[in-house]
Structures are given as structure tokens and as C-alpha cells.
Amino acid sequence: MMASPRLETFCCPNRDASTEFVITFQPLFFSAICIGSAGLSLVFSILQLLPKRRGYRRLGQYPLPKPASSSRILFIISICDILGCTGIIVRSSIWLGLPNLVSGINVANNSDVWPEVFCVGSAMWIQLFFSASFWWTFCYAVDVFLVVKRSAGISTIILYHMITWGLAVLLCVEGVAMLYYPSISSCENGLQHAIPHYITTYAPLLLVLIVNPTLFARTVSAVTSLLKGRQGIYTENERRLGTEIKIRFFKIMLVFFICWLPNIINESLLFYLEMQTDIKAGDLKNIRNAALITWFIMGILNPMSGFLNTLAFHGWTGFKVDCSLQRRRELAWDSASTSAANVGGYNPIVGSTLLYQSHVQEAKNMTGKNMTGNGQPASDAISVLSEGSESSTIEIHISTEHRDYEEIDADGESLGSSARH
């Protein structure tokens, strides 16, 4: 009922003993848990993504940026999680409401193929969208690194679509085809035919667990160098910006580890049981208990990954949904809605970007100042990090108060006067 290759394996009438062991242990209770977890995740994920009412800000003076590629990538990840949760809810509801359908998947019943068709179809749906979510998470880490290295172009987002959906569909179809060879009603016996299916399922998950932390760490290091190199100093604001980037990446990886590491542990335990002659042996009791515990943990955490991801991406956005038509025309999926909670009851005006800083630097570049060794302005990379362009997937926002806008106004006036002179 969650994102596990054991669900596809269960669709084989001649499934292995370890799969039979976990799938048939309290199936109704397990289905109810999956429905509850997936339902909560679905509702709160959608609530998180709906446009919210903003606090006070000077309208028209410093508008929010247009949706950047970062917002698109994070939004697509959330959509994949939502669709995966939908598949879990449908599958678990059918299994809970029609237990005879599940019992019809056995070697003795070869006449009715519809239980197996539903089993395979729902399992592939769940695997496809969660696998796509893994690939998009990996592409997000790659892209933020490319942005700070100024290697990302306008067409990069199209390439990400081709990579993520292409690999997700290819690996899903290939793994399932090898698992159900020569047919669904007569899968091959033995562990060997199932291994390619497990590899294609866990490859993107392991890729994110292993590679993303390294890419995020290098991105933070590169951003720190960029901030130091802009004016040769490292101010408190820039230090705070670097800290916020670290925290955001840490939250993304923390959610991923919490929600998906139980899958690796559970699969390792079940593989160990499969290699045993009798999985019901007395000396394997602790292994069986650990496998069941991690199985139920997966049933709770896998569906909740959608909602927890939105918290890592945006923070808690609140219940104040803005359904006005005018607001819909503005940026709905703002990646800067991280922790807008305020001290002393004062709401920040808006999460301001570093765009005003690039505006300041742009004026300085016009006078020939602040140039890098290759003749390019050092603020270009900062601008790519902050602006809502198609070539950017990072949008760094710092919560500011009303006085920050006064400082920006003063900077703008001083720039205007210096330009006239």
C-alpha cells in the first residue's frame, strides 16, 4: 500500500514466502493505516500549495518575483507525491473494502485476471510517481549546484523533464516486465528474477540518499564564496543568508532520510529472510519482528513524505487560503514561504530577495567596478540565485521588516543621484 517493490511482487500468484509474510500480516489494519496517513498527507499537501493571503507590503514597489524554475521543480515534486498518495488511497481502499479481491490473487485461481490487473496497475502507479519524485529531487540538487556555477541555461528545465519522466517510466516498465515474465499469472520462481525489479525501484532512492548531500554541501560552499567575493567582505546579512540555505537543504535531506530509509532497512531484512530455508524458524523471530515493525513504519512515513516535503520546501504556510481572482494571477507557488512566523506579533512585509542587491551592483558595474577576473560582474551569480528567471532554480529569500525597505529606498535614491553625476 506504500512505495515498496513488495507490492508488485505480491501480485505474482506464486510469490515468495517473505512477501507473503508481510503482506498478509494484519492486512486490514495495515490498509487503514495507509489510508489515514496518505489522506492526511494529501489534504495538508494541497493546503500547503494553495495561495495564501500575504501580510502588509508596499504594493507595486517591490513585487514578488515571477515563478522561477526552483518553484516549478519543488511544485512538481509535490504533485508527484500527491499523485502517489492518491494511488495509495485507492489501492488501500479497495483492499480494505474488497478483501476477496486480494484473496483472488493465488495460484489456484487462474481464471479471473482482474485482481492481478488491478494489483499490478495500482502498484505501477504508486511506484512511477514516487520514483519520479526521487528523480526530481536529484535534479533539484544538480540544478542548484549548476546555478551557482553559472552553468544552467533556459532549456535546462526541459532537460530535467526528459530525464525524470523518461527514466521513471523506463525503469518502472522494465522492472515490472522482468518481474512478471513470462506472464502475470505464472511469474518465475526464485529470487533472481525479482532482483532487477528491486534495483530499478531503489536506484533513484539510493541516488538521492548518497549524491544529494554532497551536491548540497558543494552548493553551500560555492554560495559562501560568491557572497564573500561580491564586495570582499562577509557581512551579517550574508552570513544569515548562507545559514538559511544550509537549513533549507538540511530539512530537505532530513525529510528524505526519515521517510525512505525504513524502506532500505525493511528490504534488507526481507531479503535476509528469503535466503533462509524456513522463515518461521525460532531463531529468526527478532528478524521477523523487525521486518514487520519497519513495514508498518513505511506504511505511515512513505505517504507522509508529501506533506513533510512541503514543510521542508516552504515551511508552514497556514490555513488562510486566498481564493481571490487577482491573487491567482500572482505567484502562487512561492518557494520563499519558509518560516514567516514573527516575534512580537509583527509580520514581515514580504520575503525579500537579493534582487535589490543585484540592482545596486548593476549600477556599480556600469561605472566599471566590481568586475571578476574574466570580465563578468560578480553580482551576476547572485542575481541568478535570486531572480525569478527561467534559468534559475534557487530563490533565496530573507525575511525583512519595514525598515529594510527604507534602506532600499535610500540606496535607490543615492544610486540615482550618483548616476546623474
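The values are calculated or read from the model by the stated rules, or taken from the named source; none is laboratory data. Everything quoted here is computed from the prediction, not taken from an experiment. Here the Cβ positions follow ideal geometry from the backbone for every residue, glycine too, while neighbour counts run over all protein chains shown. Each accessible area value is taken on the protein alone, full model and side chains, heavy atoms only, with ligands, DNA and RNA left out. Shrake-Rupley method; radii C 1.70, N 1.55, O 1.52, S 1.80 Å.
Annotations
- Here the simple spin-label model places points 7 Å from the Cα toward Cβ, and for L101 and I258 these points are separated by 3.3 nm.
- For C187, the residues whose modelled amide H falls within less than 5 Å of its own, excluding neighbours fewer than 5 places apart on the same chain, are N14.
- At an R0 of 22 angstrom, the distance between the Cβ atoms of F319 and A32 translates into a FRET efficiency of 0.25.
- Full-stretch length increase - Y181, V90 - with 0.36 nm per residue and alpha-carbon distance subtracted: 30.1 nm
- Here T24 sits with roughly 70 square angstrom of accessible surface, probe radius 1.4 Å.
- With the simple model of a label 7 Å out from the Cα in the direction of the Cβ, K149 to I210 spans 1.9 nm.
- Accessible surface ranking that places the most exposed of H314, H161 first, with a 1.4 angstrom probe: H161, H314
- Note on exposure: F130, F44 ranked by accessible area (1.4 Å probe, complete protein assembly) read F44, F130, with the most exposed listed first.
- In terms of accessible area, using a 1.4 Å probe and ignoring ligands and nucleic acids, E20, E236, E116, E274 rank largest first as E236, E20, E274, E116.
- With a simple spin-label model that places each label point 7 Å from the Cα along the Cα-to-Cβ direction, the separation between A17 and T277 comes to 1.0 nm.
- Taking amide hydrogens as placed 1.01 Å from N in the peptide plane, the amide H of K52 sits under 5 Å from those of D322, each at least 5 positions away in sequence or on another chain.
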